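Read through the structure below, which is laid out as structure tokens, and then see the notes.
The values are calculated or read from the model by the stated rules, or taken from the named source; none is laboratory data. Predicted model only: the values in this text are computed from it and were never measured. Here Cβ is always computed from backbone atoms with ideal geometry, including for glycine, and neighbour counts include all displayed protein chains.
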Amino acid sequence: MAAVEVPIEKWTGKVHEVTLGGNGRKSVVVGGESTLPFLHFEGSLPRRPVIAIEVRDSEPKDWSPHLVDAWGDVLADPAAWAKKAMEYGADIIALSLRSAHPEEGNTGADEARKNVDKVLSAVDIPLIIYGPGVAEKDNEVLVAASDVAKGQRVALGNCEEKNHRTIAATCIADGHVAIGKTPIEINLAKQLNILLCDVGLSRDSILMDPTTGALGYGLEYTYSVMERLRLAALGGDAMTAMPMICTAGEESWRQKEAKFAEGMPEAWGDHLERALTWEEITAFSLFAAGADIMVVRHPGTVERMKAVIDRLMSESA
Amino acid sequence: MSRFIATSAIRGAQGVVKQAEDMLKDALEKLGPDVPIALVDKEGVGTTYYLPVIYGYSGHKVEKLGDMTTPLEHAKSLLPPVPSENLWLPYLGETMDAGVATLFAEEIIEGIRFAKGEQPEVRNGYKFNGPISDVQTRSWGIQMVDGSMPGFAAVIGAAKSNEVAVKIVRELQSKGQLVFLSSTSNGRSIVDQLLEEGVELGYQTFTVPFGTDTISVVYAAGYATRAAFSFGNIAPGNWREILLYNKFRCFAFALCLGPMDDLKWATGAGAITYGFPAICDTVVPHILPTGITKYEHVVSMPFDDIPGRDDMERAERLVQRCIEVRGIKIKIPKVDIPVAFGPAFEGEVVRRENLRAEAGGKGGTCFEWLTMKDMDEVEDGKITVVGPEFDSFEEGAKVPLGIVVDVTGRKMQKDFEPVLERQIHHFMNGAEGVQHIAQRDIAWLRFSKSAVDKGFSLRHLGVILHTNFHNDFGAIVDKVQITLYTELDKVEELRKQARVVYRERDARIAGMTDEAVDTYYSCTLCQSFAPNHVCVINPERTGLCGAYSWLDCRAAFEISPTGPNQPVPKGKCIDPVLGEWEGVNSFVYEHSNRNIERFTIYSLMDSPMTTCGCCECVMAIIPEANGVMIVNRDDYSMTPCGMTFTTLMGTVGGGLQTPGMMGHAKLFITSKKFIPVEGGIKRVVWLSKNVKEEFAEELKEVCEREGVPDLMDKIADGTVATTVEELLPFLEEKGHPALTMEPII
């Protein structure tokens, strides 16, 4: 039988490397790929994709009972939650300052400072800090969080076109990384990166969140956009070469397949297994599309994803 | 530069450097070199950046008195001699050196005063703020970077009266400027004036009193330097970057009230090195050419000569001028009208039952006309209604309406007038209860009863336009004024003038050729779904979606320089007939992710432009007929090539280069540059009927221009042929010219 020659693509570009943490804290570096995900035979993949576990600053009221079971009492205490997440293998803690949302407590800068400080002291792995997703409140709490975390090189998100200057400014001032989020669109993703660089943020201080849906809820659209972004990056476009971060947990756990136990067809099987599978397949697909950081919710997903990444990152894969 | 200013500034610099030298000598003797130096505000909160101006300029850290010798010597070495009597054009650079020496000396003096416990200044029991703390710099710095606070105004001296002082500060605050206060004029300080009027000063009110002497102005430079450290990520000593950061990102200026003296000029020269211009309310020489500052350097605007009804209006204009000179863009947070405003109302229809009044439409008289004017001809935010308002109209009345918009801006161009004018439609539709259709002299507006009941008046149309032009087009628009006419004779008269302009514009666009420009524009808006597609838009071919003309792209680039419309320099011409240029090829290669290497503008057969998926029409060759067919998106019928529009679209779309097939805009058919390589419109053997009808007149003209006046009758459509078998006999019968042209393949 004739040997099959595997075609090798010669890429000119490389994904920027972004470091989180450091300065006494453990550091995590993502990016640096010079080929598509897991194609070891073609280029170099110097960094493992990493997992962040979502931790909230206030007890979530509408989470699936499976998530509540998995985490138990720590849900009410962000520091304990973060510590437990670290034990479950999180590489990064994604602290969501949800209580600042106008409809979920409307807390302000002081509460944000307090919680960020608590979590920073509780764990020695890097942090991602998310605002409540309302631009005005995001600016208020993220600027405060940034100040508290000065020097710890956390990632701050989300940074959208309308508030990018504020987040970029605070990242520059305090040495953090900005998470630029755009709605599943290549041009907008690239433009936001350019705008962030224009403000003065360096290329190695930007992560892209291309926005995703869960499995069955538009995942394939994000998949294509991420793939295109990564192809452009490898093709030499430095403004699309930021590492990517996706929120598989939040998206999966709000879909009915994961959320509801009652009233579903019997053929759908065991609820917990289904919910975990939903988060897992969503997360894995996005890793395959090029994600560098995945934010998930269930400890079980962390274990399963780590096993998959281990295998895919071994050279013989 | 001005000899007067140079002489004065250099004299001032020499004086203040001497003062610093004497003070340092004295302090070293009395206090010794080890006394620590720390700048703090009145609350005792300080900075970790030593003496920030000196630290920024030289990287030298002043931690104790003894550390001041080096910067003092530095300042002395910068001092130029006073220009001699017969040197009429002194060199700007020397004056700038004098300015830097002044800032060094001033910071040394303030440092020594701190060591002696004489700062922040206390006068008549009032404690001034002194320098701004790092904590405050960070908090304001973020607002400066995010644009909610463009920059600061260093107000120096005292205003004509207390009322004027208050008005100036209020006006500056309304533009989002931070206000720093220092120095005196004729023994009065603006701080005194504001305190006498009960104005609260301090960090909370964005007004910071530095001190009553000119030396304290250096705190403003210290603030600017630290902003560059923190938000520009610039290392101390990297003076060039620090100054450029401030020039382009910190929209600060000095507003000098009252007579100038040597030290004020010297300090002003220091400020100019940061790119901060000075506006003086007295008679002084101008320094107008652009250079170190973005626009003018020194502008004289003698207060009593400012046109205006009273001092309040003069103060307003003075501040307006400052905003222009520094090039500050105003953002208005909210459209201030009594009804809701937003994209949700864009599709809203105002029906007859709910109609309060309408303008234009069938038999109505209505037009909208936007004109570019000179800077001093436009008063920003001025809205005038000439004629009756809603309350004088009967319910459901059809009223005459003329909407005249005057805009001006440093980057505005005459060619952008139609681009901006078309926005009126989009803006006005955003208001709840306002329906806007069409444009120019066929514009049609309807206002609902409920909107007028809520207090909506014609004046508010002006508010909508003013706010939105600033917010969406601030990159090219600096000032906007709106006049609304509702008297029939006036509206008719102005409409006549507007029509002349519309015709001129149309003629200009029609006369614009590819040869007349050296830059085309790209559009990569569709790369989200056709990642390798690039539109190259030339004056004689609009984007294939029909939505973007060359002018639109040029304006879009000015408005959003990082957006999807980028200039494509044509570069060296490879083939003028095919329309192939080196610059276009390399742009397309790079932006198509290295997929498309060649790209011709004038050919269908040889490396034609790619298609995303948005095209209005698809053109495809019919080899049997030796010609091309064109099918439009709204034409669902079968075509002679055996494919419907949708199937053709699937074949040609997605950024592929398909010789013999191409997407394009409807209007392209009328262009002089319509596939000239293949013979132009004479090649068209089949054309969707709806396009024939929609562009009947234009196509007739084109056929006449091409010397085939009866061509349209010879071109088939879906009603006569949907197969090649049906098409050929029709063409034979009509004697279509394509049949006898040279072979297309």
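Condition check: at pLDDT 95 or above and not in a helix (DSSP H, G or I). Does B:Val82 satisfy that? Against the criterion (at pLDDT 95 or above and not in a helix (DSSP H, G or I)), B:Val82 does not qualify. Exactly one residue among B:Ile424, B:Ile403 is under 20 Å from B:Arg503 (Cα atoms) and part of a strand (DSSP E or B), and that residue is B:Ile403. Just one of the listed residues (B:Gly363, B:Gly387) is among the small types (Gly, Ala, Ser), over 26 Å from the mean Cα position of the chain (by Cα) and farther than 21 Å from B:Ile424 by Cβ, namely B:Gly363. Summed over the range B:133-175, the residues that are away from chain A (no Cβ under 13 Å), surrounded by fewer than 20 Cβ atoms within 10 Å (Cβ to Cβ) and among the small types (Gly, Ala, Ser) give a count of 2. Residues that are of a type in the set (A, V, I, L, M) and in contact with a strand residue (DSSP E or B) (Cβ under 9 Å, 6 or more places away or on another chain) within the range A:278-317 comprise A:Ala283, A:Leu286, A:Ala289, A:Ala291, A:Ile293, A:Met294, A:Val295, A:Val296, A:Val302, A:Met305, A:Ile309, listed in sequence order. Only residues that are touching an Asp or Glu at 6+ places or on another chain (Cβ under 9 Å) and either within 9 Å of chain B (Cβ to nearest Cβ) or among the β-branched types (Val, Ile, Thr) (or both) were counted in the range A:168-188, giving 9.
Checked against (1) in a helix (DSSP H, G or I); (2) surrounded by fewer than 22 Cβ atoms within 10 Å (Cβ to Cβ); (3) within 14 Å of another protein chain (Cβ to nearest Cβ), B:Phe114 passes all but a single condition, namely (3).
Here the strands (runs of 3 or more DSSP E) wholly within the range B:475-540 that include at least 3 residues being assigned by TED's automatic domain parsing to the domain that holds B:Leu445 and of a type outside the set (A, V, I, L, M, F, W, C) are B:479-485. Does B:Leu72 satisfy being surrounded by 18 or more Cβ atoms within 10 Å (Cβ to Cβ), assigned by TED's automatic domain parsing to the domain that holds B:Lys18 and touching a Gly at 6+ places or on another chain (Cβ under 8 Å)? Criteria not met by B:Leu72.
Of the strands (runs of 3 or more DSSP E) lying entirely inside the range B:567-651, those containing at least 1 residues that are without any contact (Cβ under 8 Å) to a residue 24 or more places away in the chain span B:573-575. Scanning the range B:410-459 for residues that are farther than 21 Å from B:Gly342 by Cβ and under 17 Å from the mean Cα position of the chain (by Cα) yields B:Arg410, B:Lys411, B:Met412, B:Gln413, B:Lys414, B:Asp415, B:Phe416, B:Glu417, B:Pro418, B:Val419, B:Glu421. Please specify each residue of the range B:195-214 satisfying the condition of being within 21 Å of B:Met260 (Cβ to Cβ) and either in contact with a Lys or Arg (Cβ under 7 Å, 6 or more places away or on another chain) or crowded, with 24+ Cβ neighbours inside 10 Å (or both). B:Pro209, B:Phe210, B:Gly211, B:Thr212, B:Thr214 - these are the residues of the range B:195-214 that are within 21 Å of B:Met260 (Cβ to Cβ) and either in contact with a Lys or Arg (Cβ under 7 Å, 6 or more places away or on another chain) or crowded, with 24+ Cβ neighbours inside 10 Å (or both). On the basis of being crowded, with 20+ Cβ neighbours inside 10 Å, modelled with pLDDT under 95 and either within 27 Å of the chain's Cα centre (by Cα) or not small (Gly, Ala, Ser) (or both), does B:Pro400 make the cut? Judged against the criteria, B:Pro400 is not a match. Please determine whether any residue of the range A:137-152 is within 12 Å of chain B (Cβ to nearest Cβ), touching a strand residue (DSSP E or B) at 6+ places or on another chain (Cβ under 8 Å), surrounded by 24 or more Cβ atoms within 10 Å (Cβ to Cβ) and modelled with pLDDT of 95 or more. Looking through the range A:137-152, at least one residue is within 12 Å of chain B (Cβ to nearest Cβ), touching a strand residue (DSSP E or B) at 6+ places or on another chain (Cβ under 8 Å), surrounded by 24 or more Cβ atoms within 10 Å (Cβ to Cβ) and modelled with pLDDT of 95 or more. Of the residues B:Gly563, B:Gly543, the single one that is within 14 Å of chain A (Cβ to nearest Cβ), out of contact with any Ser or Thr (no Cβ under 6 Å at 6 or more places or on another chain) and assigned to a loop (DSSP other than H, G, I, E, B) is B:Gly563. Can B:Lys672 be described as at negative phi, of a type in the set (D, E, K, R) and within 40 Å of the chain's Cα centre (by Cα)? Yes, satisfied. Scanning the range A:245-268 turns up no residue that is of a type in the set (Gly, Ala, Ser) and within 14 Å of chain B (Cβ to nearest Cβ). Scanning the range A:205-228 for residues that are assigned to a helix (DSSP H, G or I) and either at the interface with chain B (Cβ under 10 Å from one of its Cβ atoms) or of a type in the set (S, T, N, Q) (or both) yields A:Ser205, A:Tyr221, A:Thr222, A:Ser224, A:Val225, A:Glu227, A:Arg228. Considering the range B:340-394, the qualifying strands (runs of 3 or more DSSP E), each wholly inside and each with 2 or more residues that are among the β-branched types (Val, Ile, Thr), run over B:383-386.
The single residue among B:Ile383, B:Ile332 that is under 19 Å from B:Ala443 (Cβ atoms), outside the structural domain of B:Val164 (by TED's automatic domain parsing) and touching a His at 6+ places or on another chain (Cβ under 8 Å) turns out to be B:Ile383. Please tell me if B:Gly130 is away from every other protein chain (no Cβ under 14 Å) and not hydroxyl-bearing (Ser, Thr, Tyr). Answer is yes for this residue. Of the set (1) surrounded by 23 or more Cβ atoms within 10 Å (Cβ to Cβ); (2) within 30 Å of B:Arg226 (Cβ to Cβ); (3) among the small types (Gly, Ala, Ser); (4) within 11 Å of another protein chain (Cβ to nearest Cβ), all apply to A:Ser202 but (1).
Residue by residue, here is whether (1) more than 20 Å from B:Gly680 (Cα to Cα); (2) outside the structural domain of B:Val477 (by TED's automatic domain parsing); (3) more than 22 Å from the chain's Cα centre (by Cα); (4) polar (S, T, N, Q) holds:
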residue	(1), (2), (3), (4)
B:Ala555	yes, yes, no, no
B:Glu558	yes, yes, no, no
B:Thr562	yes, yes, no, yes
B:Gln566	yes, yes, no, yes
B:Cys573	yes, yes, yes, no
